[in-house]
Amino acid sequence: MNTNTPLTLHPIATFETNYAWAIHDGRHCVLVDPGSAAEPLAYLDRESLTLKAILLTHHHHDHIGGVDEILARHPVPVIGPADPRISQLTRRVSEGDTVRFDQPALELAVLETPGHTSSHIVFHNDQMLLAGDTLFSVGCGRLFEGSPEQMQASLDKLRALPDSTRLYCAHEYTLDNCRFALQVEPDNAALQQRAEQVRQQRQAGQITLPTRLGEERATNPFLRTREPAVIAAAQQREPGTDNNPAAVFGVIRRWKDG
Ligand code: ZN
Ligand code: FE
């Protein structure tokens, strides 16, 4: 495997807030979560990239909606979680599995992260975390099919990854997420800094991703459910809340949803 070729991770904007990620070496490309087909196909054409595979994190339409049309042009393997709601899979992967490509030179491990959906998975290595809708910058996915306990356990897996891991999530929600996070932790200096950076990035029309996991651990309330300030905010919001991480997570998630 040629590990000398630097990989590019390029965000392809689809719909209002989605990013499909193109991982490529300048010639060969793997696509992650193409919710629509037109923009990824145009990108592949423009950059003269050969598509090698499609990776999917979960079954939601804004992540898989482009797969059929892309396959019609580029019949490649489709790798994702074992879920009957994703009909196009050629390989079903679960926790502990590794996904390996020679071109582009890329190896990713799979983690199961139920919570947003019951079968959500993420792909990661030392450099990158392709988090789908489990972890956003300064936020996390809504609990459509899971309990706070499940999502807390899923986020704990991601929290354990190295500080330098870059987070590539599937939505541009960071500005809203910062506004909410500042309600939970108004005195968090790292968060104040991040919020200002994000405000400037969005004002300039720039993407707020990737971030590093170390920065997320310092600013993302959903990764900070063991922090005294976050526990206190949860207990003020819902008096009587237990100080265990899942209970605190549940309060913060409901607060954000409301
Ligand atoms: Zn989703
Ligand atoms: Fe989504």
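The values are calculated or read from the model by the stated rules, or taken from the named source; none is laboratory data. The model shown is predicted, which means the values in this text are computed figures rather than measured ones. Cβ sites come from the backbone with ideal geometry, for glycine too, and all protein chains shown count toward neighbours. The accessibility values were calculated without ligands, DNA or RNA, using every heavy atom of the protein model including side chains. Shrake-Rupley method; radii C 1.70, N 1.55, O 1.52, S 1.80 Å.
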> Can you tell me which residues in the stretch 29-84 are acidic (D, E), in a helix (DSSP H, G or I) and within 16 Å of ligand 2 (Cβ to nearest atom)?
Replying inline: E39, D62
> Considering only the stretch 161-176, how many residues are open to solvent by less than 10 Å² (accessible area, probe 1.4 Å) and part of a loop (DSSP other than H, G, I, E, B)?
Replying inline: 2
> Within the stretch 40-70, which residues are open to solvent by 40 Å² or more (accessible area, probe 1.4 Å) and more than 16 Å from ligand 1 (Cβ to nearest atom)?
Replying inline: A42, D45, R46, E47, S48, T50, K52, D68, E69
> Can you tell me which residues in the stretch 144-160 are within 16 Å of ligand 1 (Cβ to nearest atom), open to solvent by 10 Å² or more (accessible area, probe 1.4 Å) and touching a strand residue (DSSP E or B) at 6+ places or on another chain (Cβ under 7 Å)?
Replying inline: none
>> Would you confirm whether or not the stretch 123-143 contains a residue that is among the hydroxyl-bearing types (S, T, Y), buried (at least 16 other Cβ atoms within 10 Å of the Cβ) and on the phi < 0 side of the Ramachandran plot?
In response: yes
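Scan the stretch 95-115 for residues that are among the hydroxyl-bearing types (S, T, Y), outside any loop (DSSP other than H, G, I, E, B) and under 16 Å from the mean Cα position of the chain (by Cα) and report the count.
Step one: of the stretch 95-115, the residues among the hydroxyl-bearing types (S, T, Y) are 98, 113.
From what is left, the residues that are outside any loop (DSSP other than H, G, I, E, B) are 98.
This time we only want the ones that are under 16 Å from the mean Cα position of the chain (by Cα), so: none.
Selection size over the stretch 95-115: 0.
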>> Being within 12 Å of ligand 1 (Cβ to nearest atom), of a type outside the set (S, T, N, Q) and surrounded by fewer than 23 Cβ atoms within 10 Å (Cβ to Cβ) is the requirement here; does E95 meet it?
In response: no
